[in-house]
Amino acid sequence: MVLLSSVFIGLLFATATEASEAVMAAPNVVSISPADGSTIPPGPFDLTVRFDLPMLEGSYSFVRISPATFPDCQPNALMSLDRRSYTMRCTAVAGRVYEVWFNRSPYMNFRSADGVSAQPRRTRFKAR
């Protein structure tokens, strides 16, 4: 009976630990538009990042490494209804190469609904 109780308690602990780790998992980027390495036409475009988990509303970090490589974008990002995507309306200039990070230390504000920062990710693309 004691052995059976120990096994049962062990199973409960393992299940609780797995559940808490799943809840606290960091969100990951599942898609970016424009995609890394792509070439886009000059002019207006949507810069969109999509995550595997619902994200915290109003919390995002589109990170600029250099003003020369960051597109001209409207100041606020819009969240999708399913809370997995953020989009900013931007403008590309012909012949320019762009680099955008989604979270990069110390700017880690893309956070899941549970408050866990997303793994940093980058995209580089150019305008024809």
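What follows draws every value from the coordinates through simple rules; no lab data is involved. Please read all numbers here as calculations on a predicted model, not as lab measurements. Note that each Cβ is placed from the backbone with ideal geometry, even for glycine, and that neighbours are counted across all protein chains shown.
Results, tabulated for the structure shown:
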| quantity | calculated |
| --- | --- |
| Contour minus Cα-Cα distance for VAL30 and GLN119 (0.36 nm per residue) | 30.9 nm |
| Dipole in debye (nearest 20) - the stretch 45-128, about Cα centre, beta carbon charges: Lys, Arg +1; Asp, Glu -1 | 360 |
| Over the stretch 35-77, equivalent-ellipsoid semi-axes from the Cα gyration tensor in Å | 21, 14, 11 |
| Rg/Rh ratio calculated on Cα atoms of the stretch 52-128 (Kirkwood radius) | 0.99 |
| Loop sites in the stretch 20-118: GluC sites (Glu not before Pro), DSSP, at most 14 other Cβ within 10 Å | GLU57 |
